[in-house]
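A.B. asks: Following this message is one structure expressed as structure tokens.
The values are calculated or read from the model by the stated rules, or taken from the named source; none is laboratory data. Remember, predicted model here, so these are calculated numbers, not experimental data. Cβ sites come from the backbone with ideal geometry, for glycine too, and all protein chains shown count toward neighbours. The protein model used for the area step is the full one, side chains on, heavy atoms only, and it has no ligands, DNA or RNA in it. Shrake-Rupley method; radii C 1.70, N 1.55, O 1.52, S 1.80 Å.
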Amino acid sequence: LELKDISFKYKNRKTELKNINLKINRNEIIGIVGKTGSGKSTLIKIIMGLIKPDSGIISIDNKNLELIKKSWQKKIGYVPQNFAMLDDTIYTNILFGENHDDEKFKNVIKEASLENLINTLPEKINTFVGPNAKQISGGQAQRLAIARALYQNPNLLIFDEATNSLDEKTENEIMNNIYNLKKNKTIIIISHKESLLENCDKIFKIEEGKLLITN
């Protein structure tokens, strides 16, 4: 994944990206840090093909993103800070419309550290999480969102301030789970906390519209 001379500015908004250059290799973990409103989420939307930059080129395996946008977006698993949960079971929330695959389902349960939770529930995976996942804790819902993203078997996983509202213990647990996925996924972690990104292969900082490498 490569971004060359990417620039973008919203109309009537201060957020601006200037001549962004970024190369991400397969199975790397990349951290992106910056203040609120610095453009972190905007950069992610550009990478996902949701926003077209004003200038510059995005290429995936040397192919222009604009020519392969639909197939590229199918390869992305996105976990935002605020994610939607169905008023349904754990099982349905993980599949989220995908076909059932027993082995894949068991694997994502392990990778998202949901095994212990599910085993303590009388209805197991058929437990209803309630509207907006009110029947389970924030950390448990977060792991459920991660399991959902993993079940799509994406090439690229993006965590956009995904642990921002969690307590420190749960946040550290989630981050450890994320780093353990490196063996077969390319991962981008967006955060305003540099301390959460210390195990990334590379860390970039967005400051005054520019992308700077910090390690």
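A.B. asks: Is it fair to say Asn153 is within 14 Å of the chain's Cα centre (by Cα) and part of a helix (DSSP H, G or I)?
C.D. replies: Numbers: within 14 Å of the chain's Cα centre (by Cα): yes; part of a helix (DSSP H, G or I): no.
For Asn153, the condition - within 14 Å of the chain's Cα centre (by Cα) and part of a helix (DSSP H, G or I) - is not met.
A.B. asks: Right, next: Here are the criteria: (1) over 27 Å from Lys40 (Cα atoms); (2) touching a Ser or Thr at 6+ places or on another chain (Cβ under 9 Å). Tell me which single one Leu156 does not satisfy.
C.D. replies: Here Leu156 clears every test but (1).
A.B. asks: When the residues of segment 79-136 are narrowed to those that are of a type in the set (Ser, Thr, Tyr) and open to solvent by 50 Å² or more (accessible area, probe 1.4 Å), which ends up nearest to Lys45 (Cα to Cα)?
C.D. replies: Tyr91
A.B. asks: Restricted to segment 188-215, and to residues that are among the basic types (Lys, Arg), part of a strand (DSSP E or B) and out of contact with any Ser or Thr (no Cβ under 8 Å at 6 or more places or on another chain), which residue is nearest to Gly77 (Cα to Cα)?
C.D. replies: Restricting to residues being among the basic types (Lys, Arg), part of a strand (DSSP E or B) and out of contact with any Ser or Thr (no Cβ under 8 Å at 6 or more places or on another chain), the top hit is Lys202.
A.B. asks: Go through segment 58-74 and give me each residue that's open to solvent by 100 Å² or more (accessible area, probe 1.4 Å) and in a helix (DSSP H, G or I).
C.D. replies: Listed by number, the residues that qualify are Leu67, Lys70.
A.B. asks: Same structure, new question: Return a yes/no flag: does segment 164-184 have any residue that is surrounded by fewer than 19 Cβ atoms within 10 Å (Cβ to Cβ), at pLDDT 90 or above and closer than 23 Å to Leu43 by Cα.
C.D. replies: Within segment 164-184, not a single residue is surrounded by fewer than 19 Cβ atoms within 10 Å (Cβ to Cβ), at pLDDT 90 or above and closer than 23 Å to Leu43 by Cα.
A.B. asks: Test of understanding: among Leu121, Leu157, which residue is over 22 Å from Ile188 (Cα atoms) and either at pLDDT 90 or above or β-branched (Val, Ile, Thr) (or both)?
C.D. replies: Leu121
A.B. asks: Give the residue that is surrounded by the fewest Cβ atoms within 10 Å (Cβ to Cβ), with candidates limited to residues of segment 45-57 that are of a type in the set (A, V, I, L, M) and assigned to a loop (DSSP other than H, G, I, E, B).
C.D. replies: Filtering first and then ranking leaves Leu50.
A.B. asks: What pairs can you find where one residue is in segment 161-177 and outside any helix (DSSP H, G or I), the other is loosely packed, with under 15 Cβ neighbours inside 10 Å, and their Cβ atoms are less than 6 Å apart, with a gap of 6+ or different chains?
C.D. replies: Leu166/Gly138
A.B. asks: Test Ile158 against the stated conditions and say whether it is open to solvent by less than 30 Å² (accessible area, probe 1.4 Å), touching a Cys at 6+ places or on another chain (Cβ under 8 Å) and either touching a residue at least 40 places away in the same chain (Cβ under 8 Å) or part of a loop (DSSP other than H, G, I, E, B) (or both).
C.D. replies: Considered against the rule, which asks whether it is open to solvent by less than 30 Å² (accessible area, probe 1.4 Å), touching a Cys at 6+ places or on another chain (Cβ under 8 Å) and either touching a residue at least 40 places away in the same chain (Cβ under 8 Å) or part of a loop (DSSP other than H, G, I, E, B) (or both), Ile158 comes out as no.
A.B. asks: Condition test on Phe83, is it at pLDDT below 90, out of contact with any Phe, Trp or Tyr (no Cβ under 8 Å at 6 or more places or on another chain) and farther than 22 Å from Asp201 by Cα?
C.D. replies: Working: at pLDDT below 90: yes; out of contact with any Phe, Trp or Tyr (no Cβ under 8 Å at 6 or more places or on another chain): yes; farther than 22 Å from Asp201 by Cα: yes.
Judged against the criteria, Phe83 is a match.
A.B. asks: Is there any pair with a first residue in segment 114-128 that is in a helix (DSSP H, G or I) and a second that is open to solvent by 80 Å² or more (accessible area, probe 1.4 Å) whose Cβ atoms are under 7 Å apart and which are 6 or more apart or on different chains, and what are they?
C.D. replies: Matching pairs, first to second residue: Ile118/Lys124.
A.B. asks: Here's another thing I want to ask about it. Checking the conditions here, which among Ile118, Ile94, Ile46 is within 16 Å of the chain's Cα centre (by Cα) and closer than 30 Å to Glu173 by Cβ?
C.D. replies: Matching residue, one of Ile118, Ile94, Ile46: Ile94.
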